[in-house]
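Beneath this line is the structure, given in C-alpha cells, with notes to follow.
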Amino acid sequence: MGFDISSLWDVIVLIGIVIAVSPWFGRYLGRVYMDRPLPGDTVLIPVENAIYRLLGTSPRQTMRAREYMVALLIVNGGLMAFLFCFLFWQASLPGNFTGVPDMSWTLAFHSAASFTTNTNFTHFTNESQVSFASLMVAWPVALFLSPATGLAVAAAMVRGFVRRDGTIGNFYVDITRSLTRVLLPIAVVSALVLVLMGVPQTLTAYVTAHPLTGGTQTIYLGPVASFQSISLLGSNGGGYYSANAASPLANPTAFSNLFGTFVMLLIPFAAPFAFATIIRRRAEAWPYMTVILIVFGIALAVFIAYQAASNPFLSGITGLGPQVNGYGVGQEVRWSLPEGSLFQVASVYGNVGANNMDIGALSPVAQLVLLFGMFTEATPGGVGCGFGMLLLFSVVGIFVGGLMVGRTPEYLGKKIGTAQVRWSALAILVHPSIILIPFAVALLGGFVSIPAAGSVGVSQAHAFTSVLYEFTSEAANNGSALSSGAFNDTTPFFNLAGAAVMIAGRFVPFFVMLKVGELFSSQESVPPNAGTLRTATATYSLYLTLFVVITTALIFLPVMALGPLAQIV
C-alpha cells in the first residue's frame, strides 16, 4: 500500500465528475425549494399534500424566523426524546437479539443529541452496545430527519434574498420536500448501488462463522447498504459498524470507496448552484464554489503529501529499513493512499465524519488538515448548514470589503446593515467558543489527564490534540473521532459536555441563519449602482477565500500550535 502516483487519476476523475454534476443537481435543488415544476410531480404532489394535511399546514402558510425555529425545535426535540427513550430502554424492547444492555442516562443523552444534531459522534461500540432494533428503527429516523432539517434551514435563509415580506418559508413544507424530493430517492438508488458492490442488505441480525483457526466468530449483518447510503448522503457519518467505512462489509472495494466519496460531496458541491438558481443569478454560484475548491483542493494535496512522506520518528530505529509507505499505519490496503485520503478529507470537510482511516495514526500535519476543515465548517461543510455558514462568512466579508474600498455594503440588492453583521458574527464566534470553553474546563478541571513531559506512551501534544479534536468534531457536528486512546471520553463529563456542545453547535447557527434570512426578506430590493461591490468576479472569489482562511486561522492558531504543530517539532 504505497503511494501509487497513477491512482491520483482516480481522484482527479472523481472530483471532475462531482464538479460536472453539481450545476445540474444544484438547479434541481433550487427548483425543489422554490416549488417550481419538477419531474415526479404527478406522483409526489398528492403524497406531499397528504402529509401537509396531516401536519395541519400548507405551502401557502409562510413563517418568520422565530416561528420557523419553533417548528424546527418541536420536530428535533421530539426526535431527540424518541432516541433517548429507545436507547435508555433498549434492553427491554423487541429486536434485542444479542442481549445488549440499556445505556446509562448520560450516554443515552449524548447519543440522542449526537444523532439529532447530524453529528453521529459515538461514545459506544456499535456491535456490543446498540441493539439491532436501535440500528433498524431509531437511527434511520434520525439519519433522514437531521439532514432534512439542515437543507430546510439553508433554503429558508436563501429565500430571504428574493422575498420582501419578512417571511422565509414553511419549515414543515421544506422538511417534507427535502425528504421526498432529495434524500429518499437518492438514498434508495445509492443503497442499490452499494448492494451491487457487495455491501450486505438483510434483516438477518448476525451469522456465526467458523474460521480456519478454529472456534466461532459472530459477524453482524443487517440493512448495512441502506444505512451507509443515507449516512454518507446526509452528512451523518455514523457507521453501521464501529470500524465505520474501514469495515470491509460496509466499504468492500476501492470502487465502493470512490462511490461513497461521490455521494458525500454531491449535495455540498451542488449547494452554491442551488443558491444561484433560487436568486436567479447563475454567476453568483462561482465565488462560493471557488472558495470550496481552493480550500478543499489544497487540504487534499497537503494531506496526501504528508501521508506519503516518511515518518521521521521511525528513521532512527535499527533494522527497520527504508520507508516507502509514509504514515502507513491505520490505512486500508483495499485502496491506494490518494483514494483513501480523498474519502477521509471529503468526509471531514463535508462534515460527514465517516472514517476509513485511523485518524490517531495519521501524521500531525494530516490531523491539522482535518481540524482546519472542522474549524471553517464551510468548505464545503455539511448538508445545508455548511453553505449557510459560508453565506454568513460572505455577509461579514462583503461588509468589511465594502468599507475598505468605499463601496456600498449590499448584496443582491439588499443592504447589509449592522444587524446582519452582528448576527453573522455571532455564528462565526459561537463555534470557537463552544470548542475552547469546554476544552479548557476538561483540561483545567482534571477531567482528562495530560501525561507528564518525557513520559513513555502518548505525548503531551498528542493528548492535547485528542481532546481538542473531540470537542471540535462535536461543535462542528462532524462526528469523526481521533480514536487514539489518549483519554477516556465515555465518562459522564464528556457525555454531558459533548451533548451540550453538539446542541449549541447545531441550533445556535440555525437560528442565526434564519434571522439573517428574515432581515434580508424584510427589505425591498434596490438596483445596483456605481458604488455596489461586485461579487460575481474572480477578485471577490479570491478575497472571500482569504477572508475565510485568515479569519479561521487567526481564531484557532494558538490551539493548533499547542496541539498538532507541537507534534512536528
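The values are calculated or read from the model by the stated rules, or taken from the named source; none is laboratory data. Since the structure is predicted, the reported quantities are computational estimates derived from the model, not experimental observations. When we count neighbours, we look across all protein chains shown, and the Cβ atoms used for this are built from the backbone with ideal geometry, even at glycine.
Miscellaneous remarks
- Residue match in region 31-46 (condition: under 26 Å from the mean Cα position of the chain (by Cα), hydrophobic (A, V, I, L, M, F, W, C), within 23 Å of A271 (Cβ to Cβ) and in a loop (DSSP other than H, G, I, E, B)): yes
- Region 247-276, subset buried (at least 20 other Cβ atoms within 10 Å of the Cβ) and β-branched (V, I, T), residue nearest to V11 (Cα to Cα): T261
- Single unsatisfied condition, I267 versus (1) in contact with a Phe, Trp or Tyr (Cβ under 9 Å, 6 or more places away or on another chain); (2) farther than 25 Å from L192 by Cα; (3) among the β-branched types (V, I, T): (2)
- Close pairs (9 angstrom Cβ cut-off, 6 or more residues apart or separate chains): touching a residue at least 24 places away in the same chain (Cβ under 8 Å) in region 126-139, hydroxyl-bearing (S, T, Y) and assigned to a helix (DSSP H, G or I) anywhere: V130/S111; W139/S231
- Members of region 402-455 that are modelled with pLDDT under 90, in a helix (DSSP H, G or I) and of a type in the set (G, A, S): G402
- For region 181-285, the helices (runs of 4 or more DSSP H) that sit wholly inside it and include 3 or more residues that are under 30 Å from P94 (Cβ atoms) and either touching a Gly at 6+ places or on another chain (Cβ under 8 Å) or among the hydrophobic types (A, V, I, L, M, F, W, C) (or both) are 184-196, 224-233.
- Residues of region 330-374 that turn out to be of a type outside the set (S, T, N, Q) and farther than 19 Å from A463 by Cα, as a count: 19
- Flag if G498 is within 14 Å of E377 (Cα to Cα), in contact with an Asp or Glu (Cβ under 9 Å, 6 or more places away or on another chain), in contact (Cβ under 8 Å) with a residue 12 or more places away in the chain and of a type outside the set (D, E, K, R): no
- Condition met for R60 (more than 30 Å from W423 (Cα to Cα), surrounded by fewer than 13 Cβ atoms within 10 Å (Cβ to Cβ) and either among the basic types (K, R) or touching an Asp or Glu at 6+ places or on another chain (Cβ under 6 Å) (or both)): no
- Restricting attention to region 209-222, the residues that are surrounded by fewer than 21 Cβ atoms within 10 Å (Cβ to Cβ) and under 23 Å from G260 (Cα atoms) total 3.
- Checked against (1) touching a residue at least 24 places away in the same chain (Cβ under 8 Å); (2) farther than 22 Å from R164 by Cα, C85 meets all criteria but (1).
- Summed over region 518-552, residues that are touching a residue at least 60 places away in the same chain (Cβ under 8 Å), surrounded by 12 or more Cβ atoms within 10 Å (Cβ to Cβ) and of a type outside the set (S, T, N, Q) total 15.
- Restricting attention to region 418-446 and to residues that are farther than 17 Å from A500 by Cα and touching a residue at least 60 places away in the same chain (Cβ under 8 Å), the residue that is nearest to the chain's Cα centre (by Cα) turns out to be I428.
- Hey, A346 part of a helix (DSSP H, G or I), under 30 Å from N257 (Cβ atoms), small (G, A, S) and at pLDDT 90 or above or not: yes
- Scan of region 513-532 for residues that are at pLDDT 95 or above and outside any helix (DSSP H, G or I), ordered by number: S522
- Looking at Y172, Y240, Y206, just one residue is surrounded by fewer than 18 Cβ atoms within 10 Å (Cβ to Cβ), of a type outside the set (A, V, I, L, M, F, W, C) and touching a residue at least 40 places away in the same chain (Cβ under 8 Å), and that residue is Y206.
- Matching residues, region 111-125, being in a helix (DSSP H, G or I) and either more than 11 Å from I503 (Cβ to Cβ) or free of Cβ contacts under 8 Å to residues at least 12 places away in the same chain (or both): S111, F115
- Within region 82-110, the set of residues being assigned to a helix (DSSP H, G or I), within 29 Å of the chain's Cα centre (by Cα) and either of a type in the set (S, T, N, Q) or under 26 Å from G169 (Cα atoms) (or both) comprises Q90, T106.
- Screening I304 on (1) of a type in the set (A, V, I, L, M, F, W, C); (2) buried (at least 21 other Cβ atoms within 10 Å of the Cβ); (3) at pLDDT 95 or above shows it passes everything except condition (3).
- Residue check for T167: touching a strand residue (DSSP E or B) at 6+ places or on another chain (Cβ under 7 Å) and in a loop (DSSP other than H, G, I, E, B): yes
- Counting the residues of region 36-65 that are free of Cβ contacts under 8 Å to residues at least 40 places away in the same chain and of a type outside the set (A, V, I, L, M) gives 10.
- Filter result for the condition that a residue is closer than 30 Å to S310 by Cβ and within 28 Å of the chain's Cα centre (by Cα), over I17, I12: I12
- Residues that are part of a helix (DSSP H, G or I) and basic (K, R) within region 49-81 comprise R53, R66, listed in sequence order.
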